[in-house]
């Protein structure tokens, strides 16, 4: 492959890009416009002068010169829409569109975007009027602010003000005096964040992000971070202050959220995404985004990139980044020291000769990246404020710093100035080891205790004599008023409902669940819950999440009337994944000895069984719930089929009901013989705990209201009624056994305090019941609770939402089954409806699967036709007769004729067991293992006449393990196919992925709607 690349820009960032691209064996020529005094000397490189603002002329030049890729370095041409203009002409560009580049071009846009997508950042207000800005600044309790011009200001539009007066002056200078021109017509006033400032960059293909190691820039002019802000006086990478856990947090909650948010808002982000972050005590927060490589960060990042930069960039442009994930030198560090002109960032002289470059080039292991230089005849002279950077790489940060400083000392020009402390923070960090280096932050734990004290105090009740933070919690039983008490304790957790909360990043209700699961158990012994303790365990303490969880625990304690007496927060790196935590709770209650339950001896045949309504699933059975959601490809943000006003995650997180305050008056009156909390094991497993031998209960599911969620789950997974009964509470959260003569008054009393209660059955002799707990009419009640929406009809097929699926004789039809499951069982009424299955051989599994699903099938044997074209004509006739709109090939091993492919252009899908464009053809898994790659997967693509070369619709990645065989890898890839194929089919039939027309013989491109 021969590639010709155009790099737009003249700075140190562009010099580093050209240097790295020149190393690619695929790249034969690099044009740089306008270039600088350093790029001209690189191999394969020519500096040219193009009017990059004239997009029409630039596009024509690219077409005439057969440019394979345009790499745009600076932010201005990106914000000006260069990518939009060139891609319309079919020219591949590495960089975001103008709409996506707003993430840097408009700080107001970036701030509002972060608010919409819950990306952590500083609090702010925006202003177009100076007086209003000053009124806001003066009204704030803090003195320090950051004032930013919203638009592009060449990296200089940020002023850190240490006093309110300075902040007001900055706002006035921007808005009234037009210090930054149009860029300052809107200003952002932010709170000043404190901590370490770092830069985290990532490649993006619009869906996937692949991160560079974190870097740290030095923006202030003088040592010790003093003096005015500059465009950057130096940088180093990787930054040791960013832990692996923090980097994963940044990837997931910052960079990936930007890419997901951009995609959701119709502006896919392709190129480099740069996040400038402050590592605050509350976690990483975004200071700014850039829509391109940073400068001087690029100069330290690119030397650490092990992969071919051109290949990675092309994979981003083509939407196939998972197939070419970048790799980095793991044990290397890079340090860049920048030499600037005297007077910078203010006025400075230009045209000064630069000496020492030839000698510097002889130094091994040093790189020089030019920024503000130009060739004047045969001499290199200064032409900008930041003149050049010297970069050293080494395995040791101290050695790299020393070598970079030595290299920059060899460069001489009048007025040269450099900082002498680049990288010193990293040196200090590497020499100092603390407990926090192991992942445990004692200070964060102390802060959490301080932040929740006021919340915990609201749960105090008589008997509570200590506050949190002591070694133990103390409770005075005498002060509680009990005469002859028995203490009753209970412990429980929330189970895998926590995984739903963590996936939804919604932590406010699981604390209530935790309390409910414990106090309801204690209540079953007639005991009043007195106090509660919690255990919160995590890998890395997230202050916000932990505080929210504990606030929920305190709320649950108030609902139960007990004191949150104490707890433990355990930070255990390596035990839990980043962002994950576990909970346990411990409740202690008291009951007078004579009132202890269950009173088994008093239960007799004829007693009534009263059921108290649950609020939903409560906290049991979530492993099955999550399994069903995964199987039928729901996400927690999907609209909720059983509660259309919510998303699924929100509906599932409705907290477990706490019955304490409703039941204590009835318990004190001695009206209840037994209570059963309906948790794991359901009605059969829990009611049987309180029954004497020889007695059973017979319940009638028609007597109570079964919440819609249970009917939906049963319908979704075709779950048997008995399985539903053993797994879930099915609408009953608490059961009371009472004398029949008292049941009516007890139900009325419960209804008066807002509980939904009713008699759901009675106690009977065991021989009158199938088992100790029998529930009648459950199947009908579950069906009544949820009615499945009508399936797609044939008319939807005529309107272009159908699909036909072809299955070959050698294929077991598992992809076919995945498509059937998705289109027939997905509650959201998939836009795809399978109307026909065709095989070229009888008696294959695919036909059996079609028959079981009630889908028409047809065998068209290739042996009955004299040629491939004749067979394809018969195939086409069958598809046309069935009014098929989209054809899915699955294991269909026959080669289709060119005429058939052309007729079904844009409507013919296939799946390939690798991450295309890598490993086309056959024997894929063996070739993947031989190549030693770390990631494989599958690709769903439109079919073109060239083998495995059609436009890519969807990909699913899977890791390659060191111990893999072709067979074991094939099994994992097959599982990935079952996710990818239905997803791709839905994208096509819903009109979100449309194949665009292309020149003869070309695969075409996809338009995403």
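The values are calculated or read from the model by the stated rules, or taken from the named source; none is laboratory data. Everything quoted here is computed from the prediction, not taken from an experiment. Please note: Cβ atoms are built from the backbone with ideal geometry, for glycine as well, and neighbour counts cover all protein chains shown.
Which one of 25, 74 is touching a residue at least 60 places away in the same chain (Cβ under 8 Å) and under 31 Å from the mean Cα position of the chain (by Cα)? Break it down into steps so the answer makes sense when it comes.
Values: 25 fails: under 31 Å from the mean Cα position of the chain (by Cα).
Residue meeting the stated conditions: 74.
Quick one: residue 505 ticks every box in (1) on the phi > 0 side of the Ramachandran plot; (2) surrounded by 21 or more Cβ atoms within 10 Å (Cβ to Cβ) bar one, so which box is it?
Here residue 505 clears every test but (2).
Can you give me the number of residues within the stretch 107-130 that are under 24 Å from the mean Cα position of the chain (by Cα) and in a loop (DSSP other than H, G, I, E, B)? Reasoning before the result, please.
Just the residues of the stretch 107-130 that are under 24 Å from the mean Cα position of the chain (by Cα), to begin with: 107-123.
Still in the list and also in a loop (DSSP other than H, G, I, E, B): 117-120, 122-123.
The qualifying residues number 6.
Select from the stretch 159-180 the residues that are surrounded by fewer than 19 Cβ atoms within 10 Å (Cβ to Cβ) and either over 30 Å from residue 74 (Cβ atoms) or out of contact with any helix residue (DSSP H, G or I) (no Cβ under 7 Å at 6 or more places or on another chain) (or both) and list them in ascending order.
Within the stretch 159-180, 160, 162, 163, 164, 165, 166, 169, 173, 177 meet the criteria.
Could you check the stretch 836-880 and list, in sequence order, the residues that are closer than 21 Å to residue 909 by Cβ and out of contact with any strand residue (DSSP E or B) (no Cβ under 9 Å at 6 or more places or on another chain)?
862, 868, 871, 872, 873, 874, 876, 877, 880 - these are the residues of the stretch 836-880 that are closer than 21 Å to residue 909 by Cβ and out of contact with any strand residue (DSSP E or B) (no Cβ under 9 Å at 6 or more places or on another chain).
Only strands (runs of 3 or more DSSP E) wholly contained in the stretch 517-595 count here; list those with 3 or more residues that are under 26 Å from residue 245 (Cβ atoms) and without any contact (Cβ under 8 Å) to a residue 60 or more places away in the chain.
Details: elements: 528-538, 563-571, 581-592.
Answer list for the stretch 517-595: 528-538.
Do we find that residue 900 is surrounded by 12 or more Cβ atoms within 10 Å (Cβ to Cβ) and either farther than 28 Å from residue 978 by Cα or modelled with pLDDT under 85 (or both) in this structure?
On the way: surrounded by 12 or more Cβ atoms within 10 Å (Cβ to Cβ): yes; either farther than 28 Å from residue 978 by Cα or modelled with pLDDT under 85 (or both): no.
Judged against the criteria, residue 900 is not a match.
With the requirement that a residue be more than 37 Å from the chain's Cα centre (by Cα), part of a loop (DSSP other than H, G, I, E, B) and modelled with pLDDT of 85 or more, what does the stretch 131-186 give you?
Passing the criteria: only 163.
Note down all Cβ pairs under 6 Å where the first residue falls in the stretch 859-878 and is over 12 Å from residue 894 (Cα atoms), the second is modelled with pLDDT under 90 and surrounded by fewer than 15 Cβ atoms within 10 Å (Cβ to Cβ), and they're at least six residues apart or on different chains.
Within 6 Å, the pairs are 859/842.
Filter the stretch 263-284 down to the residues that are under 20 Å from the mean Cα position of the chain (by Cα), surrounded by fewer than 20 Cβ atoms within 10 Å (Cβ to Cβ) and under 10 Å from residue 193 (Cβ atoms) and list them by number.
282
Within the stretch 307-334, restricting attention to residues that are more than 26 Å from the chain's Cα centre (by Cα) and closer than 30 Å to residue 953 by Cα, which residue is surrounded by the most Cβ atoms within 10 Å (Cβ to Cβ)?
Checked the stretch 307-334; the qualifying residue surrounded by the most Cβ atoms within 10 Å (Cβ to Cβ) is 310.
With respect to residue 718, is the statement that it is touching a residue at least 40 places away in the same chain (Cβ under 8 Å) and surrounded by fewer than 18 Cβ atoms within 10 Å (Cβ to Cβ) true? Step through it out loud before you land on a result.
Details: touching a residue at least 40 places away in the same chain (Cβ under 8 Å): no; surrounded by fewer than 18 Cβ atoms within 10 Å (Cβ to Cβ): yes.
No, not satisfied.
Go through the stretch 258-282 and give me each residue that's closer than 17 Å to residue 98 by Cβ, touching a helix residue (DSSP H, G or I) at 6+ places or on another chain (Cβ under 7 Å) and part of a strand (DSSP E or B).
Once the filter is applied, which keeps residues that are closer than 17 Å to residue 98 by Cβ, touching a helix residue (DSSP H, G or I) at 6+ places or on another chain (Cβ under 7 Å) and part of a strand (DSSP E or B), the stretch 258-282 yields 270, 271, 273.
Out of the residues in the stretch 916-951 meeting the condition of being touching a helix residue (DSSP H, G or I) at 6+ places or on another chain (Cβ under 7 Å) and in a strand (DSSP E or B), tell me which one is modelled with the lowest pLDDT.
The extreme case among them is 935.
State yes or no: is residue 775 surrounded by fewer than 21 Cβ atoms within 10 Å (Cβ to Cβ), in a strand (DSSP E or B) and touching a residue at least 40 places away in the same chain (Cβ under 8 Å)? It would help to see each step written out before you state the result.
Values: surrounded by fewer than 21 Cβ atoms within 10 Å (Cβ to Cβ): no; in a strand (DSSP E or B): yes; touching a residue at least 40 places away in the same chain (Cβ under 8 Å): yes.
Taking the combined requirement at face value, the residue does not satisfy it.
Among 253, 244, which is the only one that is at pLDDT below 95 and surrounded by fewer than 17 Cβ atoms within 10 Å (Cβ to Cβ)? Working first, answer last.
Numbers: 253 fails: surrounded by fewer than 17 Cβ atoms within 10 Å (Cβ to Cβ).
Of 253, 244, the one residue that is at pLDDT below 95 and surrounded by fewer than 17 Cβ atoms within 10 Å (Cβ to Cβ) is 244.
Looking at the stretch 741-767, which of its residues are in a strand (DSSP E or B) and over 17 Å from residue 683 (Cα atoms)? So that I can check it myself, show each step before the final result.
Start the filter on the stretch 741-767 by keeping residues that are in a strand (DSSP E or B), which leaves 757-765.
The one that is in a strand (DSSP E or B) and over 17 Å from residue 683 (Cα atoms): 765.
Name the residue, out of 784, 770, that is assigned to a loop (DSSP other than H, G, I, E, B) and either modelled with pLDDT of 85 or more or out of contact with any strand residue (DSSP E or B) (no Cβ under 7 Å at 6 or more places or on another chain) (or both). Working first, answer last.
Numbers: 784 fails: assigned to a loop (DSSP other than H, G, I, E, B).
Just one listed residue meets the conditions, 770.
Can you tell me which residue in the stretch 516-538 is farthest from the chain's Cα centre (by Cα), limited to those that are surrounded by 21 or more Cβ atoms within 10 Å (Cβ to Cβ) and within 30 Å of residue 248 (Cβ to Cβ)?
Going through the qualifying residues, I end up with 534.
Please state which of the following conditions residue 444 fails to meet, knowing it meets all the rest: (1) buried (at least 18 other Cβ atoms within 10 Å of the Cβ); (2) at pLDDT below 75; (3) more than 30 Å from residue 238 (Cα to Cα).
Unmet condition: (3).
With respect to the numbered conditions (1) in a helix (DSSP H, G or I); (2) surrounded by fewer than 18 Cβ atoms within 10 Å (Cβ to Cβ); (3) over 31 Å from the mean Cα position of the chain (by Cα), which one is the sole condition not fulfilled by residue 228?
Looking at each condition in turn, residue 228 falls short on (1).
All but one of (1) at pLDDT 70 or above; (2) surrounded by fewer than 11 Cβ atoms within 10 Å (Cβ to Cβ); (3) not in a helix (DSSP H, G or I) hold for residue 470; which doesn't?
It fails just one condition, (1).
For residues that are out of contact with any strand residue (DSSP E or B) (no Cβ under 7 Å at 6 or more places or on another chain), outside any helix (DSSP H, G or I) and crowded, with 21+ Cβ neighbours inside 10 Å, tally how many sit in the stretch 641-678. Let's see the steps before the verdict.
Within the stretch 641-678, the subset out of contact with any strand residue (DSSP E or B) (no Cβ under 7 Å at 6 or more places or on another chain) is 641-646, 648-656, 658, 661-663, 665-670.
Among the residues that remain, those that are also outside any helix (DSSP H, G or I) are: 641-646, 653-656, 658, 669-670.
Those left that are additionally crowded, with 21+ Cβ neighbours inside 10 Å: 641-642, 653, 655-656, 658.
Number satisfying all stated conditions: 6.
Looking for something surrounded by 14 or more Cβ atoms within 10 Å (Cβ to Cβ), modelled with pLDDT of 95 or more, within 17 Å of residue 29 (Cα to Cα) and in contact with a helix residue (DSSP H, G or I) (Cβ under 8 Å, 6 or more places away or on another chain) - is there at least one such residue anywhere in the stretch 93-112?
Yes.
I want to confirm something. Restricting to the stretch 743-755 and keeping residues that are touching a strand residue (DSSP E or B) at 6+ places or on another chain (Cβ under 8 Å) and closer than 18 Å to residue 664 by Cβ, which single residue is surrounded by the most Cβ atoms within 10 Å (Cβ to Cβ)?
Per the criteria, the residue is 750.
So, residue 712, is that one over 37 Å from the mean Cα position of the chain (by Cα) and surrounded by 18 or more Cβ atoms within 10 Å (Cβ to Cβ) or not?
Numbers: over 37 Å from the mean Cα position of the chain (by Cα): no; surrounded by 18 or more Cβ atoms within 10 Å (Cβ to Cβ): yes.
No, not satisfied.
Take the stretch 848-873 and flag every residue that is under 27 Å from residue 823 (Cβ atoms), touching a helix residue (DSSP H, G or I) at 6+ places or on another chain (Cβ under 8 Å), at pLDDT 85 or above and in a loop (DSSP other than H, G, I, E, B).
855, 856, 860
Which residue out of 29, 64 is surrounded by fewer than 17 Cβ atoms within 10 Å (Cβ to Cβ) and on the phi < 0 side of the Ramachandran plot? Give the steps one after another, and end with the answer.
On the way: 29 fails: surrounded by fewer than 17 Cβ atoms within 10 Å (Cβ to Cβ).
Sole residue among the options that is surrounded by fewer than 17 Cβ atoms within 10 Å (Cβ to Cβ) and on the phi < 0 side of the Ramachandran plot: 64.
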